[in-house]
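Shown next, in structure tokens, is the structure this report addresses.
The values are calculated or read from the model by the stated rules, or taken from the named source; none is laboratory data. Bear in mind that the values here come from a model prediction, so they are computed numbers and not experimental data. Cβ: placed from backbone, ideal geometry, glycine included. Neighbour counts: every protein chain shown.
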Amino acid sequence: MFDVKKKEMMWGGRRLVLETGKIARQADGAVLVTYGDTKVLCTAVAQKQPKPGIDFFPLTINYQEKTFAAGKIPGGFFKREGRPSEKETLTSRLIDRPIRPLFADGFRNETQVICTVLAHDLENDPDVPALIGAAAALTISGIPFLGPLGGARVGYIDGQYVLNPLADQLPDSTLDLIVAGTQEGVLMVESEASELDEDVMLGAVMFGYREFQKVIDLIIQLAETCAKEPWTVPPPLAAEASVKARLKELAEASIRDAYAITVKQSRVEALSSAKEAAFKALADEMGDDFNAQLAGGLMKKLEKDVVRGNILKTGMRIDGRDTKSVRPISAEVGILDRAHGSALFTRGETQALVVTTLGTGQDEQIIDALEGEYREHFMLHYNFPPYSVGEASFLKSPGRREIGHGKLAWRAIHPLLPSKADFPYTLRVVSEITESNGSSSMASVCGSSMSLMDAGVPLVRSCAGIAMGLIKEGDEFAVLSDILGDEDHLGDMDFKVAGTELGITALQMDIKITSITEEIMKIALAQAQQGRIHILNEMEHGITAVRQSVSEHAPRITTMTVPRDKIRDIIGAGGKVIREICEVTGAKIDIEDDGTVKVAAVDAEAGERAVKWIHSIVAEPEVGVIYDGKIVKIMDFGAFVNFFGARDGLVHISELAKERVGSVGDVVSEGQAVKVKVLAIDDRGKVKLSMRAVNQETGEDLGEAPREGGGRR
């Protein structure tokens, strides 16, 4: 019934299996990838006809994790998977970035790749198997995909590169890097590192490149047994050559003049005018044969040729800079008085307003992942409002781009944060992009570093980021530092490097051509290092060191450790005690299973009262010490006094006063404040107290003075 084709090999110490022909047979391509005991089903489907009226390639990549893959039922009210998690969104982007450049030029058919995690062994992350499976499914589908493609994860442990480190190895690794590419070279890099130098990072990229060649060979072996006939890509329209030539005559000079304007908005207006004039002239000449979509695509190519050719020929860029210069930088902190930390970072026409908020353990984000539920105490959120590029449009919830840019900045800052033990705050950083023309994610890195320092967060070192570009024609190429938006759109590479003066903390690379060489990457890394150091120096004009204390508007956190068997006493039945402490003092209290208690309060006095209250609950009373208490119950034989948090003790009738007492009610009443001295604590924890031994007005210890009018009763 099934014509199953399977290829497998040992890779990184585990078995990698590619299988097709049994599941999802109606898809154009479907491959079940098994790595260890992790299984991902990857499918590829494209519509048979191009989507009319578009001038871009409509590709959608969806990575989805099913909770049954880890033997779990989704949490929440609705017991089914809902909107994509951050991990699913980031992995979808991870797969999209190296795959998108490899489709045939001119292919406009709507295409969808779906990668579904069916089993997760909690050792091997499904993201790399999903990337491999997506490439394999496209390769065998017949869709005009110029693959195959491979990918790998690289760790760096004890000075050695590790291929596809297991989940329990990653905490010991100073590097978590994913690299993807073809036989010719690297197409995509995504990484987080602990201040590693450029040579180590480049070595990791090339190590991964060499290792995923085996995966590419395996995909080719599978394709040789089952690949479908390749689709035919429609040839360019017959009129394209003549329209292209005429557009060049009509618009090239005005486009060159427009790109000589250094101010973005003025340049955009000039380009729009040049395009409008050329299209009007062309429409008048061609009449009903005028194709606006074709003309629009050719105009973009003409712009690309003008910009790229000028950079390669003269070494001068759109805004008049050479290839290595960074735009003017302004760095300020403390611009929002009530914020715990704030910074405004401006680089040319790119600007990020970054704000830090300090919270408590109750503010941590709870993440329900396939690997299990965990808490995240550092969040970095990136927002890109339309006004930042002079546009008016609907405000939408964060999309893939916003989530991806925020995570890149998170990776850059994360290795530099203090431990929770040293700085027990929950950190939320929000980067609002207020202007954009160039890398706003790298501006977010710079602004986040400054904002955290302004908030008093003891970062290991200041961190900066820079975006590099590439123009490559044949053997000629130019690496560009601090690229503009137009250079990103019209160039061949978006290469983002973030780090400190000592090394790299995050590296992200996307290539729009088939691949780049090790030589180009080495030049780009060296040039990025120069730019990063320059930006770090400029940031020091805004702030040179971490603030000595947190803002007066931020909560003060006091950390204390209590015996684990006392945790229940602090919480109380149904949380009654801890709620009372919080309501009375106004403090927030977090208690961990190991007995760590964190008390947070903006008002220092409120925090001190809460700490004293907790101390009174967990500490043990001492014999001979005098305490303040309150009468809680009267009996014939004496009175019970609450004197030490929730602790009660008995004042026998003989210890109520120096004189003989006939009735307890004659001396004390319920609710009365008294001073008591601890006389003894028996082996069952019962406490014997005395009021007679204490001066009730001054609190003076009277010792064991004899009773007036006689001895003890």
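Brief remarks on what is shown
- Put simply, of GLY29, GLY53 the only residue that is outside the structural domain of LYS300 (by TED's automatic domain parsing), touching a strand residue (DSSP E or B) at 6+ places or on another chain (Cβ under 9 Å) and of a type outside the set (Val, Ile, Thr) is GLY29.
So that you can scan it fast, the table gives a plain yes or no per residue for (1) among the aliphatic types (A, V, I, L, M); (2) in contact with a Pro (Cβ under 8 Å, 6 or more places away or on another chain); (3) under 22 Å from PHE56 (Cα atoms); (4) in contact (Cβ under 8 Å) with a residue 40 or more places away in the chain:
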site: LEU247; (1), (2), (3), (4): yes, no, yes, yes
site: ALA253; (1), (2), (3), (4): yes, no, no, no
site: TYR259; (1), (2), (3), (4): no, no, no, yes
site: GLU269; (1), (2), (3), (4): no, no, no, no
site: SER273; (1), (2), (3), (4): no, no, no, no
site: ALA277; (1), (2), (3), (4): yes, no, no, no
site: LYS280; (1), (2), (3), (4): no, no, no, no
site: GLY287; (1), (2), (3), (4): no, no, no, no
site: ALA292; (1), (2), (3), (4): yes, no, yes, no
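So that you can scan it fast, the table gives a plain yes or no per residue for (1) within 56 Å of the chain's Cα centre (by Cα); (2) of a type in the set (S, T, N, Q); (3) surrounded by fewer than 15 Cβ atoms within 10 Å (Cβ to Cβ):
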position	(1), (2), (3)
GLY595	yes, no, no
GLU620	yes, no, yes
VAL632	yes, no, yes
ILE653	no, no, no
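- Taking segment 341-356 as the range and being surrounded by fewer than 21 Cβ atoms within 10 Å (Cβ to Cβ) and hydroxyl-bearing (Ser, Thr, Tyr) as the test, only THR346 passes.
- Of the set (1) at pLDDT below 85; (2) in a helix (DSSP H, G or I); (3) surrounded by 14 or more Cβ atoms within 10 Å (Cβ to Cβ), all apply to ARG308 but (1).
- Within the option set ASP257, ASP289, being surrounded by fewer than 12 Cβ atoms within 10 Å (Cβ to Cβ), over 41 Å from the mean Cα position of the chain (by Cα) and not assigned by TED's automatic domain parsing to the domain that holds PHE56 holds for one residue only, ASP289.
- Inside segment 2-40, residues that are of a type in the set (A, V, I, L, M), assigned to a loop (DSSP other than H, G, I, E, B) and modelled with pLDDT of 95 or more make up a count of 3.
- Scan segment 106-118 for residues that are without any contact (Cβ under 8 Å) to a residue 60 or more places away in the chain and surrounded by 21 or more Cβ atoms within 10 Å (Cβ to Cβ) and the total you get is 0.
- Restricting PHE56, PHE103 to those that are without any contact (Cβ under 8 Å) to a residue 60 or more places away in the chain, touching a Pro at 6+ places or on another chain (Cβ under 9 Å) and of a type in the set (Phe, Trp, Tyr) reduces the list to PHE103.
- The strands (runs of 3 or more DSSP E) found entirely in segment 613-695 that carry 2 or more residues being under 22 Å from GLY572 (Cβ atoms) and among the hydrophobic types (A, V, I, L, M, F, W, C) are 626-635, 638-644.
- Failed item, numbered, when SER451 is tested on (1) in contact (Cβ under 8 Å) with a residue 12 or more places away in the chain; (2) over 16 Å from VAL333 (Cα atoms): (2)
- Here ASP363, ASP368, ASP319 are screened, and the one residue that is farther than 30 Å from ASP422 by Cβ, among the charged types (D, E, K, R) and in contact (Cβ under 8 Å) with a residue 60 or more places away in the chain is ASP319.
- Test: residue in segment 413-431 that is under 30 Å from ILE311 (Cβ atoms) and hydrophobic (A, V, I, L, M, F, W, C): no
- Residue check: ALA283 meets all listed conditions (1) part of a helix (DSSP H, G or I); (2) modelled with pLDDT under 95; (3) surrounded by 16 or more Cβ atoms within 10 Å (Cβ to Cβ); (4) hydrophobic (A, V, I, L, M, F, W, C) but one, namely (3).
- Among the residues making up segment 103-123, those that are in contact with a helix residue (DSSP H, G or I) (Cβ under 8 Å, 6 or more places away or on another chain) and at negative phi are VAL113, CYS115, VAL117, LEU118, ALA119, HIS120.
- The condition (being touching a Lys or Arg at 6+ places or on another chain (Cβ under 8 Å) and among the aliphatic types (A, V, I, L, M)) is satisfied by just one residue among LEU336, LEU282: LEU282.
- Residue among ILE311, ILE329 that alone is closer than 19 Å to LYS472 by Cβ and in contact (Cβ under 8 Å) with a residue 40 or more places away in the chain: ILE311
- Scanning segment 65-123 for residues that are of a type in the set (Ser, Thr, Tyr) and assigned to a loop (DSSP other than H, G, I, E, B) yields a total of 1.
- For segment 393-416, a tally of residues being within 21 Å of LEU484 (Cα to Cα) and in contact with a Pro (Cβ under 7 Å, 6 or more places away or on another chain) returns 0.
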